[in-house]
Amino acid sequence: MAVYPNDHIQKAAAFFTKEIDRLSKRPVRLMEVCGTHTVAIFKAGIRNLLPEQVELVSGPGCPVCVTPSSYLDTAIAYSRQKGVIITTFGDMLRVPGAKSTLSEQRAAGADIRIVYSPLECIDIAKNNPMKKVVFLAVGFETTAPVAAATIIAAENASVKNFFVLSAHKRVPPALKMLLANGDVNVDGFLLPGHVCAITGESPYHFLAEQYHIPAVVTGFSAIDILQAIYTLVKQIETGEALVGNQYKQVVKPEGNPHASRILDQVYGKADAVWRGLGKIANSGLELRSNYTSFDITNDMPIDVPNQPEHSACRCGEVLRGKITPRECLLFGKTCTPEQPVGACMVSVEGTCAAWHRYGTWRWQG
Amino acid sequence: MKDERIQMGHGSGGKLSHDLIADIMLPAFKNPILAEMHDGAKLQIQAAKLAFTTDSFIVKPVFFPGGDIGKLSVCGTVNDLAMTGAVPLYLSVAFILEEGFPVQDLKTIVQSIQTAAAEAGVFIVTGDTKVAERGAVDGIYINTAGIGKIMDDVDITPARVHAGQDIILSGHIGDHAVSVMAERHGITLPQAITSDCAPLNGLVKEMLLAVPQISILRDPTRGGVATILNEIASQAKVGILLKETAIPIRPEVAAVCDMLGFDPLYLANEGKILAFVDSAYSEQLVGVMHQHQYGRDARIIGSVTANNRGSVGLRTTIGGVRLLDMLASDQLPRIC
């Protein structure tokens, strides 16, 4: 992330917005894959500064939003088991399962604890030797290596009562599936900086090589994002398609080999179900055979009935950039940040939550 | 004695209760009104407009960098009084203790209460102690109530907020919430961030003596600056436009917030003031605040507008304006 003094930020922003305006001759749709980008774009007021023909749509890059409600139902079922402590990142608490949320279960007496890092779970497990500590392992390539490191740490410390309920996912197969199905119609991608810091750029080369769509790995400051939009618009107008890296201070071409190695040691690729997108081949991570003793579904199998998701919820189309949240009939009515129906409304990184919060509000005058 | 712990009997009203009060509370809070040991404090307050407030304090952990629950419970109530333009005079303190709570910790908290009360110039004149069974309370809860005398010629009310006024913030935001959060979850901060917990009545007094025209004062505690300003925009039926580049946030606090997905504008502060004043007086007021230890980093962070009634906007670093609304629920740490 480039660091500028405030007046330089204003000058740089003015430069990029002017250049985008000058270069952009036709309507373009750019997809920000990552939920953190969605929120950063709203928070910086970037939409207000772009010319009308440059449209930003959100992609499937919020890990909470793509976690299926069946996973929440399973987590809730474990939280009701005697002697189980559920540990989770905070934003999973309010995600609706079919009938309840972890937050409601906690209020009803379940032992559900928020952690800031999975490594905290080791201490919780050591301090509660008679209980099973189950970490809700959710997230993309960004967080999965830490979960893997925690499993290795638990093994090294002979902690036998730490488990994961795994739902880790990989971003590139989801983009591949969306493009292969002709499901998204976008002219360029803003690629997730945090994820690419682990994976490097190469998993995204197919965007340019196979689909001739330009993409830029970008950071999260307003200038990072504006610069990436400028780069994409320039490429689109000249007919180029490259996968670039605007976030070089953080994202190395080869990614983070150490984190990748740990991830690869513990997890192998598997098919996974994404909320709203269905099953995507090789898009998930499952524990390798050496580590299945850490899988709570092995240690304590549990039968959870399969419940359908809310029929009117259109999170799936939102995640594919096919509709804006406002086109969903539930948006702002039965589905609000206080009472979310779909996962896109739950997470602070969710597209619907961002639209609900910042939406089409305009400062007058 | 060193490992002495609170027992149910300490709340029984009998010998143990008596000893707890006589050994710990009375020596710390020593003053003639409390020394009477009556059922209630007898106060002599000359005819005046009074402010009266109460607040309860539950904080985990009880001790955190820059303070503890005792200091917080005094500063919270003193600051609530100060924000009405009152000079805080008397406080009550009520403890709810968990059976097994270390007596040494209670002594430390009581001492901390007295230190904060002394700094604020208030007397603890009455109190109460109850003990709840182990597990019914998380260590210690404290309730404080306070009475203060409203300063002459001062009229602090949202009704006096109007377009053309400036909004002044007394210093960096988010320090308290981040320091407590870091302590609670064992997060190592890049540099020590301590809670800003402090009694603000001294600073408020200086501000009101110099600029009695101040329309409203609020301390942005729970809900942070964004929530308080939304309340004022709604109560006063005005618009508020903040300038992102003017809002003081420590880089360390910004870094932690960035990591966890928190917005510092919604984080609790325990030693900060927001003041609204006509722009003709704002530079003078900032100058006065800079002279006080708790106002050294004061600055104008925005202004009141006639349009966009009920809304708070934030002019971002790159020149856009976004809505700064009320928080739907607690901020929760995000996945990535």
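Considering each of B:ILE214, B:ILE168 in turn, give the residue that is in a loop (DSSP other than H, G, I, E, B), buried (at least 17 other Cβ atoms within 10 Å of the Cβ) and of a type in the set (A, V, I, L, M). Answer to the check: B:ILE214. What do you reckon, is A:TYR71 among the aromatic types (Phe, Trp, Tyr), more than 14 Å from every other protein chain (Cβ to nearest Cβ), in contact (Cβ under 8 Å) with a residue 40 or more places away in the chain and in a helix (DSSP H, G or I)? So A:TYR71 fails the test. Among the conditions (1) facing chain A (nearest Cβ under 7 Å); (2) closer than 21 Å to A:GLU349 by Cα, the only one that B:ASN307 does not satisfy is (2).
Suppose we filter A:ASN282, A:ASN290 for residues that are open to solvent by 20 Å² or more (accessible area, probe 1.4 Å), at pLDDT 95 or above, part of a strand (DSSP E or B) and not charged (D, E, K, R); which single one remains? Checking each option against the conditions leaves just A:ASN282. Residues in the range A:47-99 that are touching a helix residue (DSSP H, G or I) at 6+ places or on another chain (Cβ under 6 Å) and open to solvent by 20 Å² or more (accessible area, probe 1.4 Å): A:LEU49, A:ARG94, A:ALA98. Restricted to the range B:1-109, the set of helices (runs of 4 or more DSSP H) holding at least 2 residues that are under 30 Å from B:LYS149 (Cβ atoms), under 25 Å from the mean Cα position of the chain (by Cα) and hydroxyl-bearing (Ser, Thr, Tyr) comprises B:69-83. Could you go through the range A:16-39 and let me know if any residue there is away from chain B (no Cβ under 11 Å), closer than 17 Å to A:GLN227 by Cα and part of a loop (DSSP other than H, G, I, E, B). Taking every residue of the range A:16-39 in turn, at least one turns out to be away from chain B (no Cβ under 11 Å), closer than 17 Å to A:GLN227 by Cα and part of a loop (DSSP other than H, G, I, E, B). When the strands (runs of 3 or more DSSP E) confined to the range B:226-336 are screened for residues that are without any contact (Cβ under 8 Å) to a residue 12 or more places away in the chain, none reaches at least 2 such residues. The combined condition, being in a loop (DSSP other than H, G, I, E, B) and touching a Cys at 6+ places or on another chain (Cβ under 7 Å), is fulfilled by A:VAL251. Confirm whether B:ALA275 is closer than 30 Å to A:ILE223 by Cβ, more than 14 Å from chain A (Cβ to nearest Cβ) and either among the β-branched types (Val, Ile, Thr) or in contact with a helix residue (DSSP H, G or I) (Cβ under 8 Å, 6 or more places away or on another chain) (or both). So B:ALA275 does not fit the description; no.
If you go through the range A:324-339 and keep only what is more than 14 Å from chain B (Cβ to nearest Cβ), crowded, with 19+ Cβ neighbours inside 10 Å and more than 16 Å from A:LEU56 (Cα to Cα), you end up with A:CYS328, A:LEU330, A:PHE331.
The single condition from (1) away from every other protein chain (no Cβ under 14 Å); (2) over 23 Å from the mean Cα position of the chain (by Cα) that B:THR316 fails is (1). Taken over the range A:138-193, the criterion of being aromatic (Phe, Trp, Tyr) and under 17 Å from A:PRO63 (Cβ atoms) is satisfied by A:PHE140 alone.
Taken as a whole, the condition of being touching a Phe, Trp or Tyr at 6+ places or on another chain (Cβ under 7 Å) and either in contact (Cβ under 8 Å) with a residue 60 or more places away in the chain or of a type in the set (S, T, N, Q) (or both) applies to A:ILE280.
Condition check ((1) surrounded by fewer than 24 Cβ atoms within 10 Å (Cβ to Cβ); (2) in a loop (DSSP other than H, G, I, E, B); (3) basic (Lys, Arg); (4) within 12 Å of chain B (Cβ to nearest Cβ)) across all residues:
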position	(1), (2), (3), (4)
A:ALA312	yes, yes, no, no
A:GLY316	yes, no, no, no
A:LYS322	yes, yes, yes, no
A:VAL341	yes, yes, no, no
A:ALA354	no, no, no, yes
A:THR360	yes, yes, no, yes
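Taking residues in the range A:37-55 that are in contact (Cβ under 8 Å) with a residue 24 or more places away in the chain, and partners anywhere that are open to solvent by 60 Å² or more (accessible area, probe 1.4 Å), the pairs with Cβ atoms closer than 6 Å and at least 6 places apart or on different chains are A:PRO51/A:ASP21; A:GLN53/A:PRO27. Which residues, taken from the range A:217-228, are more than 12 Å from chain B (Cβ to nearest Cβ) and part of a helix (DSSP H, G or I)? Result: A:ALA228, single match.
The values are calculated or read from the model by the stated rules, or taken from the named source; none is laboratory data. Remember, predicted model here, so these are calculated numbers, not experimental data. Using ideal geometry, Cβ is built from the backbone for each residue, glycine included, and neighbour counts are taken over all protein chains shown. All accessible areas refer to the heavy atoms of the entire protein, side chains included, with ligands and DNA or RNA removed. Shrake-Rupley method; radii C 1.70, N 1.55, O 1.52, S 1.80 Å.
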